[in-house]
Amino acid sequence: MVALDTSAVIAASWKRCEEKYSLDPHGVFRQHRLTEQEVRYSREKVFEQIGSTQSAMFRMREIARDVGYCVLFADADGVVVRDFCDSESARTLRENGLTAGTIWQEAVVGTNGIGTALVECRSMTGNCADHFHHQLKPFICISTPMFDPDGATIGVLDVSGGKVNHRSEAVLLHQMLEESAAWIPAALF
């Protein structure tokens with residue numbers, strides 16, 4: 001079973017948010033976005049790297065759609081370059097900034113699945129209250145970084161949604177996400 005206890009990771013992230021980034025958890029939440037042209041350039045660059053292994057994202061998309069989640073793929077800079085928000089509840093997430101072009105670096109928006117997974121170089125679950133900024137607390141983010149065969153970070157595969165009703169749902173999504181993300185470097189190798 002996948003361990004979802006990331007309390008030490010969350011605590012370290014909150015400390016960085018306060019001390020290193022000087023973020024305010026109740027301040028104005030500014031969602032930074034790239035232009036469409038910048039997103040297209042980043043997407044092409046990443047997809048050139050991962051090539052035909054994109055099927056891992058499409059597999060997660062099918063699962064996420066059925067349970068009302070959004071699948072995001074962010075590059076190594078924390079920029080969402082592809083989003084799949086196919087259900088009605090997932091479209092609400094898109095309206096709240098979970099969309100292609102948004103920047104989810106920890107230094108910009110605080111503790112979150114994508115940004116913190118990149119900083120920590122490990123999978124993580126940011127479950128509602130784990131998020132640093134108060135506007136992100138209604139959401140859960142399950143993220144795992146993807147690495148090329150040489151160990152360089154390619155990006156982050158993320159599944160985000162509303163509050164999870166059962167811990168088993170989060171565990172299952174976490175396992176599927178890690179399995180999908182692990183397939184990419186294996187296929188590249």
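The values are calculated or read from the model by the stated rules, or taken from the named source; none is laboratory data. If you're wondering where the values come from, they're calculated on a predicted model, not measured in any experiment. Cβ: placed from backbone, ideal geometry, glycine included. Neighbour counts: every protein chain shown. Just so you know, the surface numbers come from the protein's heavy atoms only, side chains and all, with ligands and any DNA or RNA stripped out. Shrake-Rupley method; radii C 1.70, N 1.55, O 1.52, S 1.80 Å.
Observations, loosely collected:
- Gaussian network model of the chain, springs between alpha carbon atoms under 10 Å - residue of VAL159, VAL109, VAL46 with greatest fluctuation: VAL46
- Listed by chain and number, the aspartates and glutamates whose C-alpha is less than 17 Å from the C-alpha of LYS45, apart from same-chain residues fewer than 8 away, are GLU36, ASP75, ASP77, ASP83, ASP148.
- Under the span-like rule (Cα at least 18 Å along the axis, Kyte-Doolittle mean at least 0.0), DSSP H helices of the chain: 167-188
- Accessible heavy-atom area order of GLU48, GLU106, highest first, probe of 1.4 Å: GLU48, GLU106
- For GLN31 and GLU95, the difference between the fully extended length at 0.36 nm per residue and the C-alpha to C-alpha distance is 21.9 nm.
- For the pair GLU62 and GLU44, the difference between a 0.36 nm per residue extended length and the Cα-Cα distance amounts to 4.2 nm.
- Listed values [x] 22, 19, 17; [y] 26, 24, 20; [z] 28, 20, 14, entry calculated as semi-axes √(5λ) of the Cα gyration tensor in Å: [x]
- Under 25 Å of direct C-alpha separation, and excluding same-chain neighbours fewer than eight residues apart, LYS163 reaches these lysines: LYS15, LYS137.
- Residues in the chain average 48 Å² of solvent-accessible surface per residue, probe 1.4 Å, ligands and nucleic acids excluded.
- Only helices enter this figure: runs of n ≥ 4 DSSP H residues, each worth -39500 (n - 2.57), summed and divided by the residues of the chain, yield -13000 deg cm²/dmol at 222 nm to the nearest 500.
- Cysteines in the chain that lack a partner Cβ within the 4.7 Å cut-off: CYS17, CYS121, CYS128, CYS141.
- Euclidean distance of C-alpha centroids, the range 90-120 and the range 28-45, integer Å: 12 Å
- Distance (nanometres) between label positions extended 7 Å along Cα→Cβ at ARG122 and GLU179: 2.3 nm
- Computed with a 1.4 Å probe over protein heavy atoms only, the accessible area of ASP86 comes to about 40 Å².
- Within the assembled protein chains, the solvent-accessible surface assigned to TYR41 is about 150 Å², based on a 1.4 Å probe.
- Remark: spin-label model distance ALA8-TYR21 equals 2.2 nm, labels positioned 7 Å along the Cα→Cβ axis.
- Relative contact order of the chain, taken over Cα pairs closer than 8 Å and 6 or more residues apart, is 24 percent.
- Sulfur and carbon atoms: percent of accessible area, the chain [1.4 Å]: 50 percent
- The chain, dipole about Cα centre (Lys/Arg Cβ +1, Asp/Glu Cβ -1), debye to the nearest 20: 300 debye
- Within a Gaussian network of the chain (alpha carbon springs, distance under 10 Å), most fluctuating of ASN112, ASN96, ASN127: ASN96
- Order of exposure, largest accessible area first, which applies to CYS17, CYS121 with probe 1.4 Å: CYS121, CYS17
- Of the residues GLU44, GLU38, GLU120, GLU95, ranked by 1.4 Å probe accessible area with the largest first, the sequence reads GLU95, GLU44, GLU38, GLU120.
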